[in-house]
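Undergrad: Below you will find the structure I want to go over with you.
The values are calculated or read from the model by the stated rules, or taken from the named source; none is laboratory data. For clarity, every value in this text was computed on a predicted model and none was experimentally measured. Counting neighbours? That spans all protein chains shown, and the Cβs are built from the backbone with ideal geometry, glycine included. All accessible areas refer to the heavy atoms of the entire protein, side chains included, with ligands and DNA or RNA removed. Shrake-Rupley method; radii C 1.70, N 1.55, O 1.52, S 1.80 Å.
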Amino acid sequence: MALRPPLPWLLATLLAALLAMYLATSGLQKAQAATSAAAFAILLVIAGLRSNSPLWRRGATRSMATPRQALWLTTLLIMLAYFWCALAFYAVYLGTSLRWQHGWEYGSAMLLVAVGHAIYLWHLDDPNASVSTPKAIGRAVALAALQAVAIACGLLWLIQSGKLSSLKGDWAANQLFLAGGFTVMCLSVIIVKTHSALSERLAR
């Protein structure tokens, strides 16, 4: 792959954000927990922007990346987002005194989604795989666009419902839903933007 995110730095900072989230929820410190979740989201969105924004410039060349490589890169960041949220759900609801009956369920669901993305990435890494064809990549980008819209609707509902100020044990889960949803939504938009820029360049 021509593109690679700064994985060692990124993983180290994500681990620090996860530890901070765990410590904050252990002490039932909602503001600090929200800050930790926000840090996780900001880190991954910035990583996506830094990796993709050079491909949006008019002076970018075709040799910088192919649509497949660009999709692989940002999908990797989405996979990390789901994996981080899965670990955070486990850490918060299995490793602290905070209780919510659905914590491990959502953690397991997000872990399964992360594994699904990992399998997809493994196939996408092969330029001869069926998921690497232009049509398959186009479908993946279309799904990313639908995902962004669906998550945006979900986040609006979450914010308007008042669940972010919940006094029940799900307050940490709602923070994770907000941070994780925002992250995946932004990365999905980045996938669409990059694919559009690369497709336009290839058509010239």
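Undergrad: Can you name the residue in the stretch 75-90 that is under 28 Å from residue 49 (Cβ atoms) and free of Cβ contacts under 8 Å to residues at least 60 places away in the same chain and, of all such residues, is least open to solvent (accessible area, probe 1.4 Å)?
TA: By that ranking, first place goes to 86.
Undergrad: Please state which one of 196, 166 is within 29 Å of residue 39 (Cβ to Cβ), among the small types (Gly, Ala, Ser), free of Cβ contacts under 8 Å to residues at least 12 places away in the same chain and surrounded by fewer than 20 Cβ atoms within 10 Å (Cβ to Cβ).
TA: 166
Undergrad: Looking only at residues that are open to solvent by 10 Å² or more (accessible area, probe 1.4 Å) and among the small types (Gly, Ala, Ser) in the stretch 37-59, which one is modelled with the lowest pLDDT?
TA: Top of the filtered list is 59.
Undergrad: While we're here: Out of the residues in the stretch 56-107 that are among the charged types (D, E, K, R) and within 30 Å of residue 193 (Cα to Cα), state the one that is nearest to the chain's Cα centre (by Cα).
TA: Restricting to residues being among the charged types (D, E, K, R) and within 30 Å of residue 193 (Cα to Cα), the top hit is 68.
Undergrad: Kindly evaluate residue 144 against the criterion of being within 30 Å of residue 58 (Cβ to Cβ) and of a type in the set (A, V, I, L, M, F, W, C). Full working, then the answer.
TA: Values: within 30 Å of residue 58 (Cβ to Cβ): yes; of a type in the set (A, V, I, L, M, F, W, C): yes.
When the stated conditions are applied, residue 144 passes them.
Undergrad: Run down 153, 186 and say which single residue is at pLDDT 95 or above and either crowded, with 18+ Cβ neighbours inside 10 Å or of a type in the set (S, T, N, Q) (or both). Before the answer, list the steps.
TA: Working: 153 fails: either crowded, with 18+ Cβ neighbours inside 10 Å or of a type in the set (S, T, N, Q) (or both).
Of the residues listed, the single one that is at pLDDT 95 or above and either crowded, with 18+ Cβ neighbours inside 10 Å or of a type in the set (S, T, N, Q) (or both) is 186.
Undergrad: Of the residues 32, 101, 69, which single one is part of a helix (DSSP H, G or I), of a type outside the set (D, E, K, R) and open to solvent by 50 Å² or more (accessible area, probe 1.4 Å)?
TA: 32
Undergrad: Given the options 22, 93, name the one that is open to solvent by 70 Å² or more (accessible area, probe 1.4 Å), over 22 Å from residue 142 (Cα atoms) and either in a helix (DSSP H, G or I) or without any contact (Cβ under 8 Å) to a residue 40 or more places away in the chain (or both). Full working, then the answer.
TA: Numbers: 93 fails: open to solvent by 70 Å² or more (accessible area, probe 1.4 Å).
None of the other options fit; the residue is 22.
Undergrad: Tell me yes or no: at least one residue of the stretch 3-10 is at negative phi and crowded, with 19+ Cβ neighbours inside 10 Å.
TA: no
Undergrad: I've got another one for you. Is it true that residue 146 is loosely packed, with under 14 Cβ neighbours inside 10 Å and either of a type in the set (S, T, N, Q) or under 21 Å from residue 48 (Cβ atoms) (or both)?
TA: yes
Undergrad: Collect the residues in the stretch 110-141 that are open to solvent by 50 Å² or more (accessible area, probe 1.4 Å) and part of a helix (DSSP H, G or I), keeping them in residue-number order. Don't jump to the end; show me each part of the working.
TA: Looking only at the stretch 110-141, we keep the residues that are open to solvent by 50 Å² or more (accessible area, probe 1.4 Å), and these are 111-113, 115, 119-120, 122-123, 125-128, 130, 133-135, 139.
Within the stretch 110-141, 111, 112, 113, 115, 119, 120, 122, 123, 130, 134, 135, 139 meet the criteria.
Yes/no matrix, rows are residues, columns are (1) in contact (Cβ under 8 Å) with a residue 24 or more places away in the chain; (2) within 27 Å of residue 39 (Cβ to Cβ); (3) not basic (Lys, Arg):
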{"position": "108", "(1), (2), (3)": "no, yes, yes"}
{"position": "114", "(1), (2), (3)": "yes, yes, yes"}
{"position": "119", "(1), (2), (3)": "no, no, yes"}
{"position": "128", "(1), (2), (3)": "no, no, yes"}
{"position": "158", "(1), (2), (3)": "no, yes, yes"}
